[in-house]
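Here's the structure, in structure tokens; my notes come after.
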Amino acid sequence: MSDKKKLERKLKEKLDNDVALGKVEDVYDDYVYLISVCPDNTAYYGELLRCIYATYQYTDLDKWDKLLHKAIDLSQKARIYTKSDKERSSFYMHEYEFIVELIRFDGNYSIQYGDELLMSLLDNVILNDSENSLAIREKGNLYQANGEYKKAEAEYERAMKIEEDDSLLYNMALNKELAENKEEAIQTYQKLYEVSDSFVIKQVALESLIRIYKKAEDMNKVKYYEDLLSEIEE
């Protein structure tokens, strides 16, 4: 066994022990060391990125800022060593998610990491994994946030062909509402109410219908959906 393999085994043993003891910050350091020893092992990058997500609740805000930047750098570095398109796609997605988290942490970063970069990362996710419905949905969300409702709808419809779920159907309904396509918004919210098994989603769908009909001053419909809402809340 080579010296490198011996060192890797020793580090992994320490890592397993730190994980068992719940030493989160030590686990982070273990992965950093493992990557320095085995820079071409992308599994360690992925595990370290998951560790950074987990570390959030244990760290102060200043350190979280640094960890987010570290995660972005790791996501970029890992792509150099990826061996498949799907794996490469996952690290583009990691970078996107950490940048979004960084902007959420401090809105000033939206100047450095603008929508153009975020859209480019999502395009690369999809280029390497055309079935990544989450990335397609996120593109829709970016278009929607910028008031580009037709483009958003196209992305949501594309995502629906891959994987249909309640949250995506809600995105579509909200997008139609924001685009002031009242009738289609109503139909989509009604469908969401009918097909969802979730009380919370049903509640959101009914509250959205009430909002639309209040705006239209159709008080009969408002009362109808308010009564439905009362029934499911009982």
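The values are calculated or read from the model by the stated rules, or taken from the named source; none is laboratory data. Not measured: the values here are computed from a predicted model. Glycine gets a Cβ as well: all are built from the backbone with ideal geometry, and neighbour counts include every protein chain shown.
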What is the number of the single condition among (1) within 21 Å of the chain's Cα centre (by Cα); (2) surrounded by 15 or more Cβ atoms within 10 Å (Cβ to Cβ); (3) at pLDDT below 95 that residue 228 does not meet? (1)
What tally of residues in the range 47-91 results from selecting those that are among the small types (Gly, Ala, Ser) and touching a Ser or Thr at 6+ places or on another chain (Cβ under 7 Å)? 1
Only one of these conditions is not met by residue 66: (1) within 23 Å of residue 8 (Cβ to Cβ); (2) surrounded by fewer than 14 Cβ atoms within 10 Å (Cβ to Cβ). Which number is it? (1)
Which of the residues spanning the range 127-164 are farther than 20 Å from residue 90 by Cα and either charged (D, E, K, R) or surrounded by fewer than 16 Cβ atoms within 10 Å (Cβ to Cβ) (or both)? 145, 146, 147, 148, 150, 151, 153, 154, 157, 161, 164
I'd like to verify a number: residues in the range 108-135 that are of a type in the set (S, T, N, Q), at pLDDT 95 or above and over 17 Å from residue 160 (Cβ atoms), how many? 3
With respect to residue 170, is the statement that it is surrounded by 17 or more Cβ atoms within 10 Å (Cβ to Cβ), free of Cβ contacts under 8 Å to residues at least 60 places away in the same chain, more than 18 Å from the chain's Cα centre (by Cα) and under 22 Å from residue 205 (Cβ atoms) true? no
